[in-house]
Structure formats: C-alpha cells, structure tokens
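Heads up, the thing below is written out as structure tokens.
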Amino acid sequence: MLGIFDSGFGGLTILREIHRRLPHLSTLYLGDNARAPYGDRGQEEIFQFALEGLSFLYAQGCPLVVFACNTVSAQALRRIQQTILPSRFPDHRVLGVTHPTVEYLADQGHTHHLGIFATQATVASNAYALELHKLLPEQSVTLTQVACPGLANLIEEGKEQTEETKQRVRYFVSEMLTRDPKMERILLACTHYPLIKNLFEESLPVGVRVLTQGEVVAQKLEEYLTRHPEIASRLDQNGARKYCTTSSAGISELATRFYGSKIKFEQVSLKP
C-alpha cells in the first residue's frame, strides 16, 4: 500500500486527488489528529512526530510514504531521508509535497511575483525559497511568504467559514499585498487551506491565481511511480483504502469536509 501521513485532516485533500488520479492504488492514511496541528510546534518535536508516523506506516507494509503535510515536508523530510532511511529503512522511500509543488511552479513559468501562505513552521524553514532557488537559479522570482498562525487550528475545529476565519484571511492577505502589491500567483502551502480557498480568492485582487496542492502532488506521484517501477511494483493495485487516526473525537464528520465523502477511521497509537 501507499502510505499517506499528515498531522491531521489536511492530507485528505491530497489523498482525494491521488484517489482520483490513481484509483486502483491501495492506500493507508494516517492522521495524527491527537497532536494536530503541527504548524506552531518546534522543529525537533515535528521531526519526532513525523518519524513515529512514518515508522507506523512502514510497519503496516507501506514501502512508499507521502508526507501530505507542508510542515512535516519542510521541517523533517530531508533529515529523515538523509539520516534515518539509509540505516533503518534502506528499502523504503518517503516523499513530501514541497519539491513536487515547486517543480510544478517551475514548469509553469512566467511567474515573477509569487506569494505563499503557510504555517509558521513552514515559513520558518524557508523550504520553498530554497527549492525555488535550486530549480530556477537564474530566474527573477520575488517570493513573499506570510505565516498564518492559528488558521489551521480554526479549520481543524470546523470553523472554516466563520467571521473569525474570514477576518484572519483578510488580515494575512493585506499583509501579503503590502509587502508585494504586484502579486501574480498565490500558493496555499498548507493542505488545510483548500477548504478556505474561496476566502483567499475573495480577498485577493482580480487576476491573482490561487493554487492548491492536491492535483499537483497526485500528478507528480504518478510521474514518480512511472520513473521508479521498482517501487511501483511493490504497491498493491486492488484499490483498498484504510484510514487511521490517533484520535477518535468527531473524526468522521470533520474528515468528510476535507475528503468529500464519508470515511471510517480506525484509532491507533504511535510509539516514540
């Protein structure tokens, strides 16, 4: 099975697109809802939580795992790939959402003013700026990143269309446009934010494009499996779907808003 890990519900927006693009691929989703969201946590704590989630999915028979969380991808992915996999899981792989998203942006081109809304941890990592510099070293791209503290929490609590959330979005957009009034394209670099894409679009000037990551990551995953048949051949193709969470409170109802249809979760525990 393909493993999908997220701090909570946000990764379901990625999983939904993976299922649409690769419907026969068997998947196991793990949301660490008991400790969500990760965006305001420290780097070492994020790393440890990510490692626990990854180890669980590997133990369940997932040779490939996608970190469907920008915070985890930015703060823990590279360290895990470089220091954990070679010694503990040499036959396994883990991918993130940062690199495929930047690959997509690079392929599109023609963007000179790019804005990113993300969690504090993602912005602090500067992961998107580093990846953009690697892929577009000679192109002039003005990148403006705005951290959105508390926004993922509100979405996790089911308050995505409340006045409080709308006010926060308007504030963050105002900050973005103050720093770069020539903004052309916006990336919502948190997998929770697709649920409030409409709020960003309503607050931004006409003509500014807003990009979410689900379709991008699903497309890049398909391309990765094509390039790596040795990994693809180890993934079940019978369309089995399993969902796990570290919490049980109100999971199915809230998850439906992220995934788009009802989901039945199994509660599990992660070991340090």
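The values are calculated or read from the model by the stated rules, or taken from the named source; none is laboratory data. For clarity, every value in this text was computed on a predicted model and none was experimentally measured. Here Cβ is always computed from backbone atoms with ideal geometry, including for glycine, and neighbour counts include all displayed protein chains.
Take residues that are among the β-branched types (Val, Ile, Thr) and either touching a residue at least 40 places away in the same chain (Cβ under 8 Å) or in the same structural domain as Val169 (by TED's automatic domain parsing) (or both) and tell me which of the strands (runs of 3 or more DSSP E) falling wholly in region 34-137 contain 2 or more.
64-67
Cβ separations smaller than 9 Å between residues 6+ apart or across chains give the following pairs from region 252-263 residues that are more than 14 Å from Pro194 (Cα to Cα) to residues that are basic (Lys, Arg): Ser252/Lys262; Ser252/Lys264; Glu253/Lys262; Ser261/Arg16; Ile263/Arg241.
Within region 203-224, the set of residues being hydroxyl-bearing (Ser, Thr, Tyr) and either part of a helix (DSSP H, G or I) or out of contact with any helix residue (DSSP H, G or I) (no Cβ under 9 Å at 6 or more places or on another chain) (or both) comprises Ser203, Tyr224. For region 6-37, filtering for residues that are among the aliphatic types (A, V, I, L, M), over 13 Å from Ile155 (Cβ atoms) and touching a Phe, Trp or Tyr at 6+ places or on another chain (Cβ under 6 Å) leaves 2. Exactly one residue out of Gly207, Gly239 is more than 30 Å from Lys159 (Cα to Cα) and of a type in the set (Gly, Ala, Ser): that is Gly239. Take the residues of region 237-252 that are of a type outside the set (Phe, Trp, Tyr) and within 21 Å of the chain's Cα centre (by Cα): which is nearest to Leu22 (Cα to Cα)? For region 237-252, the residue satisfying everything is Arg241.
Taking the conditions (1) buried (at least 19 other Cβ atoms within 10 Å of the Cβ); (2) over 25 Å from Ala59 (Cα atoms); (3) at pLDDT below 95; (4) not hydroxyl-bearing (Ser, Thr, Tyr) in turn, Ile263 satisfies each one other than (2). For region 149-172, the set of residues classified as under 19 Å from the mean Cα position of the chain (by Cα), part of a loop (DSSP other than H, G, I, E, B) and closer than 14 Å to Pro194 by Cα consists of Gly158, Glu160, listed by residue number. When the criteria are applied in full, His99 meets the requirement of being surrounded by 15 or more Cβ atoms within 10 Å (Cβ to Cβ), of a type outside the set (A, V, I, L, M, F, W, C) and over 30 Å from Glu253 (Cβ atoms).
Can you spot a residue in region 14-28 that is in a loop (DSSP other than H, G, I, E, B), surrounded by 24 or more Cβ atoms within 10 Å (Cβ to Cβ), out of contact with any Lys or Arg (no Cβ under 7 Å at 6 or more places or on another chain) and of a type in the set (A, V, I, L, M, F, W, C)? Looking through region 14-28, none of the residues is in a loop (DSSP other than H, G, I, E, B), surrounded by 24 or more Cβ atoms within 10 Å (Cβ to Cβ), out of contact with any Lys or Arg (no Cβ under 7 Å at 6 or more places or on another chain) and of a type in the set (A, V, I, L, M, F, W, C).
This table checks each residue for (1) outside any loop (DSSP other than H, G, I, E, B); (2) closer than 19 Å to Leu95 by Cβ; (3) within 17 Å of the chain's Cα centre (by Cα); (4) not hydroxyl-bearing (Ser, Thr, Tyr).
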site: Glu201; (1), (2), (3), (4): yes, no, no, yes
site: Thr226; (1), (2), (3), (4): yes, yes, no, no
site: Ile231; (1), (2), (3), (4): yes, yes, no, yes
site: Leu235; (1), (2), (3), (4): no, yes, no, yes
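Of all residues in region 50-69, those being surrounded by fewer than 23 Cβ atoms within 10 Å (Cβ to Cβ) and not polar (S, T, N, Q) number 8.
On inspection, Leu154 does not qualify as under 28 Å from Gly31 (Cβ atoms), outside the structural domain of Glu17 (by TED's automatic domain parsing), at pLDDT 95 or above and touching a Ser or Thr at 6+ places or on another chain (Cβ under 7 Å).
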